[in-house]
Every structure is written in structure tokens, then in C-alpha cells.
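Down below is the structure, laid out as C-alpha cells.
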Amino acid sequence: MNKKDIAQIRRQFKIDNDLLKITDIFNVYIMKESSDIYHHQSQPFEMLDREQQELFMNNFKKLLAGQLDEKLFELKFQRDVENNSQLILHQGLLSSDVEGWKEQMLKIVAKMLENRQYEKDIVITFIRGEYLKPMKRRNEESEESERDSVYSHPFILCSLNNTQEPKKELLFDYVEKAFKYNFVVDPIINLHAPIAGFLFPCFTDNAADVNHILYSAGKVHEPDYPFIEEVLNGEEMMTAQDDKIVFEEIIKDATGDQLNTSTLHHVYEEINRMMEENEEEEQPKLDSKDIERVLKMSGVEDVNQEKVDSAFQKVIDDDKYEIKASSVVPKYKSKSIKINTKIANVSISPQDLRYVKQVQLNGKLYLMIEVEEDTVIEGFRMIPEAFGGN
């Protein structure tokens, strides 16, 4: 799934939407002390009152929010795994009755609880439904409605949510004119910040892809690897941060760690151009040949394919590996690059790197930034000085 596919299905999670039909909801309450199922309950989603439906819809939208490879991850299922989650979920998706679906979902819950102790009571919520996507855009001149022909996408969505401890409060009783201690026994289910979840199957080019699952982490850049591998049986994956580190190490190795800021600016500019050219298509990836071409176009002279292939092999032990361009410069115009020194840390946008230079004077290194106007520090305008002055 690309970000457009995710955004489209995420927008459908609202009540009274004829393009999204949620048939059943299944809630499972897990006790933290024993990691046992304390209670589970299923019912038709339409039987929930409107306020409950809205709470769950917002929860599902939050689950599907975030950037790919940062909070959302499309995972490919492992092959030849016992008790494979792909088969369990597929059987649940195809179940014609509620009991059959629940049975498969409880198998997923059992995998979640195996060798896992949760810090709080949690509630695991499953829904199954159907996402309908019009086959064509609405034509104002045509009598045919855009809803007449749709793609049908059955799906299962799972959301894990923590519970909050009941509040202990002091109340004032107006009638008896007395202060009273109030303690609510029932825990509160926090639907505002899901801690994990997934959508099965993925949807690509208006077709279901049962070989992939969309995993959602609770926090950005913090995927739960045991959950991914042991519960979902997803293959090993790389986050955007991992990709960025790999890219930086490959560039350092291929260039001998000798890049000036002007060249680095051109590297980011060239990759950003590739992203803009492929904006409507699948996000571009950089293999060893792409990296060599980017370096040469950025002015790096002493570089060749052999050096880049060797760098790939050293850093990631795979000269066929492809780096997602969006992981390197996700938001070229707004993303900041950090320049770290012992004296100070400076953040600057990639396109402004050409104004930064490291220079040497009288045996000392200086970080020089070209500016178009006087610099202001804490409201004080700096006085221009001769270079090298004290």
C-alpha cells in the first residue's frame, strides 16, 4: 500500500458512510497480572450506540495515521511458519459466520499473549467489514452514479488499547453539605492512543494483497519487532531511520567520508528530483547504480560502480539492496539536517547546505554560514566582524 491507498481507506472510517460497511466488532479484555483473557464479547457494529461508534471510528483512524516506514509498515508474511497468522487471518476473512471469525481472532490473541506480559490491562478490538471503492470518478454529465460500480475489499482490522487506572477524587455533596471520597471502580479504555494494530489484507492497485499486512506501531520509529515477527509472522523489515543510516554509511564508505556541503546539497537535490518525478507512481528506490549516478551528478569525481557495490556489501552485506528515497529526504523542503559540533548543534534545510562551509584559518577549523542579512541572537543584532577576529 502506498500513502494514497492508506489515506483513502482511512477517510472512510466515519459513521453513516455507505462506502464502509463494518459488520462485526469483537472486544477481548486481557488482565495484566496473568495475561489471560478475562472477558470477550462480540456484537454487530450497528448495534453499538452512536457515541460508541464514533469513539471506535476515531480509534481506527488514529491507528491508520502516520508515515509509511515510520509508524505504518507494510509487511510481507514469512513462509513455512507453523500456526501462520496469514492463514489464520485469511480463514477469518472467509468465515461466513461470526463464531468462525471469532475462533480465528482468538488464535491471534493467543499468539499475542504467548511469552508477553503487558504492563496494563489491555483491550484488543477486532472488526471485520467491507471497503467499497468506486471504479471511476463521478461524471457530472453522465446519469450513471459513481457508486454504481465499485471495487469490494473485505478486511479485518485490529486495534490494541491500554486501560487507564480509575480516578480517585474528592467530591462535595451539595445536599448533605459534606466532602466525600469518590472512587470509580471500572477502568477506562484509552481509545485515543492505540498501542499497536494491523489491517489485513493490504490493498494495491484496487486489488487485495493477502501476502502483505499493514502493521501500525504505537509510536513513530518504535516498531514492536517481537509483535511483528512472532504474532504477525512478518518478514524482517527496515524502518525509515534504518534506511537513512544505511544510506549515510554507504555514502561515507564510497566517498572516503570526504563530502563537502556543496556536494551533499547536490546529492539531496538530485534525490529530491527523483521523488518529484515519481510522485504519482510507486516511491522510488535507490540501488547501487542509482547511488553511483547520484554521486557523479553531484560532482564526486573519484567514484565508480565497484566502490559503491563494495560499500553496499560492507554496510548491509547485500549489493542488491534498495534504499527508499523517501527515507533519505522524506520532506526535502521542511526536513532539517543536523550539523553537530562540540560548540553547538545547527539545523539547516537540505537546499540551504550550499551556504555552509567548513574552512581552516590559522590552524583552526571554522563553520562558516553565508547569510543575506544581519544575524539576530536572542533579539540582539550581531555586529559584522573581520574574518578571524576575536
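The values are calculated or read from the model by the stated rules, or taken from the named source; none is laboratory data. In this text, all values refer to a predicted model and were calculated from it rather than measured experimentally. Cβ: placed from backbone, ideal geometry, glycine included. Neighbour counts: every protein chain shown. These accessible areas exclude ligands, DNA and RNA; they are computed on the full protein's heavy atoms, side chains included. Shrake-Rupley method; radii C 1.70, N 1.55, O 1.52, S 1.80 Å.
Overview of values
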item: Whichever residue in the stretch 160-178 is part of a loop (DSSP other than H, G, I, E, B) and open to solvent by 60 Å² or more (accessible area, probe 1.4 Å) and, among such residues, is nearest to Asn84 (Cα to Cα); result: Glu165
item: Single unsatisfied condition, Glu229 versus (1) open to solvent by 40 Å² or more (accessible area, probe 1.4 Å); (2) among the acidic types (Asp, Glu); (3) touching a Ser or Thr at 6+ places or on another chain (Cβ under 7 Å); result: (3)
item: Residue list for the stretch 37-81, filter: on the phi > 0 side of the Ramachandran plot and under 22 Å from the mean Cα position of the chain (by Cα); result: Gly66, Asp69
item: Of all residues in the stretch 367-390 being hydrophobic (A, V, I, L, M, F, W, C) and outside any strand (DSSP E or B), the one that is modelled with the highest pLDDT; result: Val371
item: Residues of the stretch 97-110 satisfying the condition of being farther than 12 Å from Ile156 by Cβ and either in contact with an Asp or Glu (Cβ under 7 Å, 6 or more places away or on another chain) or of a type in the set (A, V, I, L, M, F, W, C) (or both); result: Val98, Leu106, Val109, Ala110
item: Any strands (runs of 3 or more DSSP E) falling wholly within the stretch 1-103 and containing at least 3 residues that are in contact (Cβ under 8 Å) with a residue 40 or more places away in the chain, over 19 Å from Arg128 (Cβ atoms) and in contact with a Gly (Cβ under 8 Å, 6 or more places away or on another chain); result: 72-76
item: Residues that are under 13 Å from Glu74 (Cβ atoms) and in a helix (DSSP H, G or I), drawn from the stretch 223-252; result: Ile228, Ala240
item: Residue check, Leu48 aliphatic (A, V, I, L, M), farther than 14 Å from Leu199 by Cα and open to solvent by 60 Å² or more (accessible area, probe 1.4 Å); result: no
item: Residues satisfying the stated conditions in the stretch 293-323, i.e. open to solvent by 30 Å² or more (accessible area, probe 1.4 Å) and in a helix (DSSP H, G or I); result: Arg293, Lys296, Met297, Gln305, Glu306, Lys307, Asp309, Ser310, Gln313, Lys314, Val315, Ile316
item: So Tyr181, is it more than 30 Å from Glu235 (Cβ to Cβ) and either free of Cβ contacts under 8 Å to residues at least 24 places away in the same chain or assigned to a strand (DSSP E or B) (or both); result: yes
item: Residues of the stretch 184-207 that turn out to be more than 25 Å from Met31 (Cβ to Cβ) and crowded, with 18+ Cβ neighbours inside 10 Å, as a count; result: 5
item: Unmet requirement for Val220, which otherwise passes all of (1) outside any loop (DSSP other than H, G, I, E, B); (2) out of contact with any strand residue (DSSP E or B) (no Cβ under 9 Å at 6 or more places or on another chain); (3) closer than 18 Å to Asn2 by Cα; result: (1)
item: Condition met for Leu106 (modelled with pLDDT of 90 or more, touching a strand residue (DSSP E or B) at 6+ places or on another chain (Cβ under 6 Å) and outside any strand (DSSP E or B)); result: no
item: Total residues in the stretch 345-366, condition in contact with a helix residue (DSSP H, G or I) (Cβ under 9 Å, 6 or more places away or on another chain), in a strand (DSSP E or B) and over 10 Å from Thr261 (Cα atoms); result: 1
